[in-house]
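Everything on this sheet refers to the single structure shown next.
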């Protein structure tokens, strides 16, 4: 699946296999910003809403909340509108996607820390043909 279309998806990290590898958000009943993180093993995968915009960029929401970066971390913000636009690029060699912003920063999982919040930082890759990305920068989208 190279081209994503608007719809509902489950998002998995390719690096968090031992932790369950689904990506979700905190649920505490408040309107405060919610951490976006790798869920522990056995937790049901939440459904994400993906909207392809006319520009080709993508807007992601979870539980109706848009996503934004704050202090190098990914947050679901219930009170902040639609959230940021993302560039989701398919990498055939990995059969997975990177999720990034125009400035080259993107989603990075922290597989060494259980349930760690997703970080937003510069993506690194090996300048090869095709480019090689580390597993903690790669994501799977499963249509539901």
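The values are calculated or read from the model by the stated rules, or taken from the named source; none is laboratory data. Keep in mind it's a predicted model, so treat the numbers as computed, not measured. No Cβ is skipped: glycine too gets one built from the backbone with ideal geometry, and neighbour counts run over all protein chains shown.
In this entry, residue 68 passes the filter for residues that are surrounded by 14 or more Cβ atoms within 10 Å (Cβ to Cβ), touching a strand residue (DSSP E or B) at 6+ places or on another chain (Cβ under 9 Å) and farther than 16 Å from residue 12 by Cβ.
Screening residue 5 with (1) part of a loop (DSSP other than H, G, I, E, B); (2) under 12 Å from residue 139 (Cβ atoms); (3) at pLDDT 95 or above gives one miss only, at (2). Within the range 90-114, the set of residues being in contact with a strand residue (DSSP E or B) (Cβ under 6 Å, 6 or more places away or on another chain) and buried (at least 16 other Cβ atoms within 10 Å of the Cβ) comprises 96, 97, 98, 99, 100, 106, 107, 108, 109.
Only one residue in 59, 73 is at pLDDT 95 or above and over 23 Å from residue 6 (Cβ atoms). Which one?
Numbers: 59 fails: over 23 Å from residue 6 (Cβ atoms).
From the options 59, 73, the qualifying one is 73.
For the range 12-24, the candidate set comprises residues that are assigned to a loop (DSSP other than H, G, I, E, B) and out of contact with any helix residue (DSSP H, G or I) (no Cβ under 7 Å at 6 or more places or on another chain); within that set, the residue that is modelled with the highest pLDDT is 21.
Number of residues in the range 67-94 that are over 20 Å from residue 53 (Cβ atoms) and in contact (Cβ under 8 Å) with a residue 12 or more places away in the chain: the value is 10.
Can you find a residue in the range 26-33 that is buried (at least 18 other Cβ atoms within 10 Å of the Cβ) and closer than 18 Å to residue 123 by Cα? No, there is no match, as no residue in the range 26-33 is buried (at least 18 other Cβ atoms within 10 Å of the Cβ) and closer than 18 Å to residue 123 by Cα. The set of residues in the range 25-56 that are at pLDDT 95 or above, under 20 Å from residue 115 (Cβ atoms) and either outside any strand (DSSP E or B) or touching a helix residue (DSSP H, G or I) at 6+ places or on another chain (Cβ under 8 Å) (or both) comprises 46, 47. None of 37, 31 is under 18 Å from residue 15 (Cβ atoms) and touching a residue at least 12 places away in the same chain (Cβ under 8 Å) except 37.
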